[in-house]
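**Q** Got a structure for you, questions after.
The values are calculated or read from the model by the stated rules, or taken from the named source; none is laboratory data. This is a predicted model, so every value here is computed, not measured. Cβ coordinates were reconstructed from backbone atoms using ideal geometry, including for glycine residues, and neighbour counts include every protein chain displayed. When the accessible area is computed, the model is the full protein with side chains, heavy atoms only, and any ligands, DNA or RNA have been set aside. Shrake-Rupley method; radii C 1.70, N 1.55, O 1.52, S 1.80 Å.
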Amino acid sequence: MHAMERVARQTRLVRPESIQLPAGYRIEPVVTGLNYPTAVTWDADGNLLIAESTVPFGRVAETELRIVRHRREGTLETVSGGFETLINDIAFHEGRLYVSHLGTISVVEDGDRRALLTDLPSWGLHENNALAFGPDGRLY
């Protein structure tokens, strides 16, 4: 096979019954149909926010880099899309969604996204991620 030829992707099915759990526990899917979820957090109303990114070099199906909201009634909506770099982490704090994406920390508020920090060192596997807010309210 030529080095540049693509290998056909096989769909990997994950079934809840194939996951081993301790006695007394059960597992069930909450959200399906995502290609590569990379981070989760919850908004002020308790809705699940999911960052869907991709892996470099085409290891998974092509995915729109976006953040979606899974509402309690089961609907899924895009909160912010059009990211050009990998989404590493998300955090919700005081009504704002913070997004760590390759070299940048952005904030999403009322559907608008703006960069807070840019040009952060993000080489190889050492990307900016793990957003956390301290008791002082500051982002770390």
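**Q** Could you tell me which GluC sites (Glu not before Pro) in segment 80-140 are loop residues by DSSP with no more than 16 other beta carbons within 10 angstrom of their beta carbon?
**A** E84, E94
**Q** Just to verify a number: FRET efficiency for E28 and E64, C-beta to C-beta distance, R0 = 30 Å, to 0.05?
**A** E(calc), rounded to 0.05, equals 0.70.
**Q** Rounded to the nearest 0.05, what FRET efficiency do R114 and Y140 give with R0 = 22 Å and r taken as the Cβ-Cβ distance? Could you check?
**A** After rounding to 0.05, the efficiency reads 0.65.
**Q** Just grab the label-to-label distance for H93 and A130, each label 7 Å out from Cα along the Cβ direction, in nm (one decimal).
**A** For H93 paired with A130, the spin-label model returns 1.5 nm.
**Q** Still on this structure, please answer the following. Where the only charges are on Cβ atoms (+1 Lys, Arg; -1 Asp, Glu), what is the dipole of segment 39-140 about its Cα centre, to the nearest 20 debye?
**A** So the magnitude is around 140 debye.
**Q** If ligands, DNA and RNA are left out, what is the accessible area of D110 with a 1.4 Å probe, given in Å² to the nearest 10?
**A** Ignoring ligands and nucleic acids, D110 comes out at about 150 Å².
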